[in-house]
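Heads up: the structure comes next, in structure tokens.
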Amino acid sequence: MARFRPDLQTSLLVSHGLVMVVGLTVLIGVGKVSAPRSFVLQLRQMEGRGVRVAQLRVPLVESFAQAWNRGAQWSVLIGGTAAGGLSYWLAGRITRPLRRMQRITQKFAEGELEARLPGSEIQELNQLAQSFNQMATGLQGVELRRRELVGDLTHELRTPLTVLNGYLEGMQDGILDPSPEIFGRLTQETKRLQRLVDDFQTLSKAEAGYLPIQAEALDVVPLLRSMVARFADQIVEEGPKLSFPLDEQVNGGKTSPFPKVLGDRARLEQILINLIGNAVRYTTEGSIQVTAEADADMLWIAVTDTGQGIAEADLPRIFERFWRSDKARTRDGSGSGIGLAIARRLIELQGGEIQVESQLGQGSTFRFSLPLA
């Protein structure tokens, strides 16, 4: 059998009614016992002052009791009616905005993400409405980013899937003969799909705030040195020179001139892989330098290259998801198009910011900051 659960307005009315009944019961009970005794005592005091009321004492006491009872009945009737009406009005005033909140939350749950709760004259309900609206704004932003991510990913997946489908259909129809070259291209497109999925998962978690950041005090110089060495091994002899000038300036790189920063080592590596990887990808000759400098409360790390650069008109969009300039799209296509978006979000999650300076045909500089520990 289902348990009866009264709504809030009924509960408030019942509680107010119980308080009123208890108060009136106590008032009538105490008055019933004490009022006649107090009246008799007053009569005796009057007799002590020479007023003769002995023969009228009993009728007077009975008349007083009747008058008190009639007054108590009218008090209960009028007071109960007034208290009940006031309780009903107060209960409605409290529950009315709650019912309005319930309707709006139902709309929000049904997908009307623009629904917001109005303010209330009651301070606690007004605070509840503000908290809900803040939550709704955050969820609306998450949902908007999710839809944009799905749309962008669908667009980006279409190209490698079309290539894979074309090669497979060609081999199935006998137009293409299976060869190591074709299998190599299929493998390349498959790896591209895998990178897209991995980067998409990372970015979606970062933008939704679900990507954990394990901040700790880090010495960035050994990390920068190891990242430069890793990428230097991947550059062909006639390619650009990748260097870390700090190693040449400070005791052969054995000591760090900077205080430690507060950051996540794994995420910092991911940021540097994106920035240095882009510099290597789009710089065919010249140099790539990784530098660092500290100010009052931040450490700035910069990756500067002499590559193809970015047009001034494209700079405002450089950190957008899946966006690449036309010139960038003519490259080998190995990038996912969301590396810089991931890097920016990871930097922001660690309390820093990222900046870019670039001139088309002359190179680019990406600088980002991390708070000092």
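Tabulated values for the structure
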{"item": "Residues that are part of a loop (DSSP other than H, G, I, E, B) and either basic (Lys, Arg) or not assigned by TED's automatic domain parsing to the domain that holds Ile338 (or both), drawn from the stretch 268-325", "result": "Arg321, Arg324"}
{"item": "Residues that are of a type in the set (Asp, Glu) and either touching a helix residue (DSSP H, G or I) at 6+ places or on another chain (Cβ under 9 Å) or not in a helix (DSSP H, G or I) (or both), drawn from the stretch 105-127", "result": "Glu110, Glu112, Glu114, Glu121"}
{"item": "Search result, residues across the stretch 188-202 that are touching a residue at least 60 places away in the same chain (Cβ under 8 Å) and among the β-branched types (Val, Ile, Thr)", "result": "Thr202"}
{"item": "Residues that are in a helix (DSSP H, G or I), within 18 Å of Gly263 (Cα to Cα) and in contact with a strand residue (DSSP E or B) (Cβ under 7 Å, 6 or more places away or on another chain), drawn from the stretch 200-232", "result": "Val220, Leu224"}
{"item": "Subset of the stretch 47-86 that is modelled with pLDDT under 65 and among the aliphatic types (A, V, I, L, M) - its residue that is farthest from Gly17 (Cα to Cα)", "result": "Val51"}
{"item": "Unmet criterion (only one of (1) within 22 Å of Ile338 (Cα to Cα); (2) surrounded by fewer than 11 Cβ atoms within 10 Å (Cβ to Cβ); (3) touching a residue at least 24 places away in the same chain (Cβ under 8 Å)) for Arg147", "result": "(3)"}
{"item": "Residue within the stretch 149-169 that is part of a helix (DSSP H, G or I), among the aromatic types (Phe, Trp, Tyr) and assigned by TED's automatic domain parsing to the domain that holds Ser243 present", "result": "no"}
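The values are calculated or read from the model by the stated rules, or taken from the named source; none is laboratory data. Everything quoted here is computed from the prediction, not taken from an experiment. With ideal geometry, Cβ positions are generated from the backbone for all residues, glycine too; neighbour counts draw on all protein chains shown.
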